[in-house]
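Encoded as structure tokens, the structure appears first; notes follow it.
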Amino acid sequence: MMPRTTRIVIILAAFLGGLLVFTTALFLLTGRPTPQVSTASAVGGPFELTDQNGNTITDESLKGRPFLIFFGFTHCPDICPTALFEMSEILTKLGPDAGKINALFVTVDPERDTPARLKDYLSSFNPQLRGVTGSAEALDKMLKSYRVYYKKVPLKDGDYTMDHTALVYLMDKQGRFVAPFNIKRTPEAAAEDLRKYL
């Protein structure tokens, strides 16, 4: 009986050999290499939505400035208000440079988060923050392009809450994804980091 290590090496070699044969066959049959796996650069895309003042906001209208995006909802009990507070603190620390950055709060709950509701909710945060909503279809398209997980979760009393991705996305001046932006540090450190993208 072969030692365990030898068996593992043989199995691994057989797997890699099979993968090489499959890739070569695919290339010969289609004339092109295997499709690329989705990467960070695939985050983001075109959208057309409405802000809390009823103005149209698109991916094109944001170009020219870096921007932060947080996806959440106004009935969120803790994660969303905490994230928006931390974003507000960072914008405050940016001082005059805050005007060179866009900051968006995009709802995952268009059923309840109308422009009026967003406007009222955001009155407690930095005025630089823009609330964004739209039709369920338009939001669904944007959320998928940003790889945002969201799900409606029924509650016992007939109400519901939303599960969702709780990252702040940093996009560059061309609307390309840079990285998740760390807001769990001092506002001064986060503001200094943001200045690199102005």
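Side notes on the structure shown:
- Residues that are among the hydrophobic types (A, V, I, L, M, F, W, C) and within 15 Å of the chain's Cα centre (by Cα) within the stretch 124-140 comprise VAL132, LEU139, listed in sequence order.
- Here LEU122 fits the description: in contact with a helix residue (DSSP H, G or I) (Cβ under 9 Å, 6 or more places away or on another chain), crowded, with 18+ Cβ neighbours inside 10 Å and farther than 15 Å from LEU167 by Cβ.
- Qualifying positions in the stretch 73-84 - in a helix (DSSP H, G or I) and closer than 18 Å to VAL132 by Cβ: ILE79, CYS80, PRO81, ALA83, LEU84
A short reminder: the numbers here are calculations on the coordinates, not readings from a lab. The structure presented is a predicted model; accordingly, all values stated were derived computationally and were not measured. Note that we place each Cβ from the backbone using ideal geometry, even for glycine, and neighbour counts take in every protein chain shown.
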